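The values are calculated or read from the model by the stated rules, or taken from the named source; none is laboratory data. Small disclaimer: the values here were computed from a predicted structure and weren't measured. Positions of Cβ are generated from backbone atoms using ideal geometry, with glycine treated the same way; all protein chains shown enter the neighbour counts. Surface areas here come from the heavy atoms of the whole protein model, side chains and all, with no ligands, DNA or RNA. Shrake-Rupley method; radii C 1.70, N 1.55, O 1.52, S 1.80 Å.
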Amino acid sequence: MSNGIGRPRIPRGRLFTFFTAVLLGAACLPAAQAGPYIPSSDSTVLAELPAGARHADVSTRRLAQSRADVAIPLAQFYIQQSRLSGDLRYLGYAEAVLTPWVKQNPPLPDVLVLQATLQQSRHEFNASLDTLGRALAARPNDPQALLVRATVLRVLGRYSEAGVACEQFAGIVEPRLGAICIQSLRGLNGHLESAYLELTQVSSQGWLNSEKSWLYSELGEMAVRLGRDAEAQRWFEQDLNLVPTDFYVRAAYADLLLRRGRPGEALTLLQGRESFEPLLLRIAIAQRQLHDPQLAQSSARLRAAFAAETQRGEAVHRREQARFLLEVEDQPKLSLAAALENWAVQREPDDVLVLVSAARAAGNPAAAQPALDFVRTQGQSDVRVDALSAVSMASR
């Protein structure tokens, strides 16, 4: 965005990774509780940087060392840059900004929540939960901390604990936001049809774009698991019309198109977004389906990216690596190994899908049994997993 004099503003936007979390606005709280770092709308300016900036200047970074009101929005900016670009180095910049403030005794709760968000982004989920525990001990009714906690627990498949966090969150925010947290979790815990119906009946009139985006993305993912692809497409398109930079929804939409045999449309949807590894993966899958000569270049970039993550000891994109090995490189056994490593860390519906797909392709369907047991225990519904399971049973 521009303020008219060539200096882009850093707007508030969806901050927390993988799912649903929104950076809450002051509308979430009674006016008396709205802290100085909680903007009131999507257009609120957190800080200003020179046009085209991707990194704050030296004077701003130095100022962040002594002023929390500079450090916190600057760290938010870097986290958002990481999300928009897929460049994990921005998480390092954010951590450098926050480190002096994390070491304070005691650290500010806002700092701890951002630190937990960084840890979540790196898939350091247990560390993130520990940090959130400290934040909530200092400020028990912090909606951002509760929402991040619910999100992390949801990724880990710890739905009962996530439900407690959602209920606490719902008790201190506007009802519409509480409903999204609660119903999206119910959709993973045996109540997909009714949870979807509940959220489709929620009116989004007067909502912030970031709040609408959260609602539409949840509805889109629910519709996919219900097998209502036309509805899912509509929700994803509504989300992207509001927030074109929502790369997670763009990836989910691309998956829908690829699954429906529409790789050309997927490439159009992803054009110009090769810098974000999850989207580059979908580009490569579409290119393979289309026998596109650009596949070699995309594959080389993905191999290099995964190798670099391995060298750094990171596993942020292990799910994507498993899909790359299976759907692009045609190496099902290596894919299964990556999918099993991924399942040991996180348990989202797409993690189940990747593991079941890899196990089936590797001729070892029993390897996916822990994931299928988890699905059955939780009462989850997902037509994609059901279809793969049916094929595996028929081939025995």
The stretch 281-383 - convex hull of alpha carbons, volume per residue in Å³: 94 Å³
Paired Rg and Dmax values of the stretch 57-197, which use every Cα atom, in angstrom: 16.2, 53
For the stretch 252-392, with +1 on Lys and Arg beta carbons and -1 on Asp and Glu, the positive-most of V375, Q271, P293 along the dipole: P293
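Could you do me a favour and compute the accessible area per residue for the stretch 266-363, 1.4 Å probe, result in Å²?
I get 44 Å² per residue for the stretch 266-363.
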Sulfur and carbon atoms: percent of accessible area, the stretch 283-396 [1.4 Å]: 54 percent
Approximate spin-label separation V164-A304, in nm, with each point projected 7 Å along Cα-to-Cβ: 4.7 nm
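Could you provide, to the nearest whole Å², the per residue accessible area of the stretch 167-254 with probe 1.4 Å? Mind dumping the intermediate values first?
Numbers: 3300 Å² over 88 residues.
Solvent-accessible surface per residue comes out at 38 Å².
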Estimated translational D of the stretch 136-262 in µm²/s (Stokes, Kirkwood radius over Cα pairs; 4 °C; 1.567 mPa s): 86 µm²/s
Solvent-accessible area, 1.4 Å probe, carbon plus sulfur percent, for the stretch 89-247: 48 percent
Neighbour net charge for S160 - beta-carbon separation under 15 angstrom, K R +1, D E -1: +3
